[in-house]
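Just so it is clear, none of the values below were taken in a lab; they were calculated from the coordinates. Keep in mind that this is a model prediction, so the values were computed, not measured. Heads up, the Cβs are rebuilt from the backbone with ideal geometry, glycines too, and the neighbour counts pull from every protein chain shown.
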Amino acid sequence: MSGSIERVDNRIIVSGELHDLHRLLAYIHIIVQKLGYQDVLLDLQHCTIAYQNSMLSVCAQVSAYREGGISFRLIAPTSQLLGNLFKNTNWGYFIDPHQFPPSTFKGHTRVPATQYRNPTEQQSAVNRIVNVILGAIPELERADFAAFEWAVNEITDNVLVHSESKIGGLVQVSTFVKFKKRVQFVVADAGVGIPTSLRGGHPEIQTDGEALDRAIREGVTRDPSVGQGNGLFGSFQICSKSMGDFLVDSGYARLKFDPNKGLHIQNQTVPYSGTLVVATVDFSDPKLLEEALRFKGIKYAPVDFVETKYTANAAGDIHFKLTEESLSFGSRVSGKPVQNKLLNLAKMCSGVVWIDFVDVPILSSSFADEAFGKLFLSLGPVRFMQKIRLHNMSDIVEGLVNKAIAQRMQTGMSDADS
Ligand SMILES: Nc1ncnc2c1ncn2[C@@H]1O[C@H](COP(=O)(O)OP(=O)(O)O)[C@@H](O)[C@H]1O
Ligand SMILES: [Mg+2]
């Protein structure tokens, strides 16, 4: 890890890897509060690596300063990879909206930074996240997936219920190329922070570190008439039991869990004015999370996205409308998440999956192969016939899907991208 952060007047210059988030935020604080500048220049042209955990909190803090009348200009990284990341993830947009338009990224494995200010926006952000993850991670167990959804809901909800953040919250989600079954979600706000909030109901809490320690325990809430104190506790359980990691930055403290090093709470000399939660869930060990959610000793099974979005009847049949699941039917890249989703849903539901082809006039052979040919091969003919129903197909589409399945049966999964 090598990188440096310097300040010259109102210019903050980041070189190499950006990892010292607190320092960066401290410089912004000095420029605005101590030196009285109304504008800040973030010079990241020589920055080579930046991660969503730091960047999302920078975005939240910068947005909050902007609401307070401070303007920011970003010099984007010249590294093409990182430069594109700044566009696709919305980091550019949240730091310097005059220069960067909102991201139009249509990727199938990540969700760009998304702002939400009320429960409706929060719900739509959470839905988008679970929808992407259902198509990105293969062979998910329903209980595991439901636990993940529950955690995203709880952590994003906390911002609206407790933080008093003027910009609401930002949420972003990534998957990993190397660890195919890992998902990391980050939620950042620029509100009062957990220590201040929790002390409202627990004045006996002394340090900020103690506040974070208490906040992740079962039943700890600032106000029992508002909350139950399960959100941070359950999310921490999900991450730690799955051998993922968990980090909270708030006020003058950082709480960090890492499966190799365990749980650590450190005091910070520079505060984080708001709350940042970084949660990594690992789905490698199936059904592990089924047991992770226990409150007062009782196993908890949340109502999930599969139930609310797809389940059509009491038998557990699923209605999968293809036009709602993919923006295009032309490529392998867009066929892959459809395949993953159908595999996941076939495994998760007790009934059959009705794939509705209504309003799909045509699809490409590569899409058909990726979505249905490989699905057929993965499930096998008997399971495919038991679990999958295709309806409302035009003759052309039926012909294309037929051909894709027939060819896939001949070639097997032998090609490189299977
Ligand atoms: N984003 C946040 N901003 C400020 N305070 C928070 C935030 N998230 C959690 N907290 C504090 O931590 C406490 C515990 O949170 P949680 O475990 O989700 O339980 P609950 O929301 O039911 O109170 C909250 O009562 C609140 O005081
Ligand atoms: Mg909560």
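Here are some notes:
- A Cβ-based charge dipole, computed about the Cα centre of the stretch 2-105 with Lys and Arg at +1 and Asp and Glu at -1, lands at about 80 debye.
- Helix 142-158 and the longest principal axis of the C-alpha atoms of the chain enclose an angle of approximately 30°.
- Options Val401, Ile5, Phe320, ranked by Cα towards positive dipole end of the chain, top entry (Cβ charges): Val401
- Nearby lysines by direct alpha-carbon distance to Lys296 (threshold 26 angstrom, same-chain neighbours under 8 apart not counted): Lys241, Lys256, Lys287
- Computed from Cα positions, the angle between helix 119-136 and the longest principal axis of the chain comes to roughly 50 degrees.
- Between the Cα long axis of helix 52-67 and the first principal axis of the chain there is an angle of about 60°, rounded to the nearest 10.
- Estimated [θ] at 222 nm from DSSP helical runs (n ≥ 4, -39500 (n - 2.57)) normalised by residues in the chain, nearest 500: -11000 deg cm²/dmol
- Where labels lie 7 Å past Cα in the beta-carbon direction, separation of Thr104 and Ile362 in nm: 2.3 nm
- Candidates Phe283, Ile194, Pro224 compared by Cα position along the dipole of the chain: farthest toward the positive end lies Phe283, with charges placed on Cβ.
- Dipole magnitude (debye, nearest 20) for the chain, charges at Cβ of Lys, Arg, Asp, Glu: 420 debye
- Potential extension, Val161-Arg11 segment - 0.36 nm per residue separation minus Cα distance: 50.5 nm
- Under 14 Å of direct C-alpha separation, and excluding same-chain neighbours fewer than eight residues apart, Lys261 reaches these aspartates and glutamates: Asp245.
- Listed residue pairs exceeding 20 Å between alpha carbons, taken from Lys309/Lys347; Lys87/Lys309; Lys309/Lys341; Lys178/Lys387: Lys87/Lys309; Lys178/Lys387
- Percent antiparallel among DSSP beta bridges (both partners in the chain, rounded to 5): 70 percent
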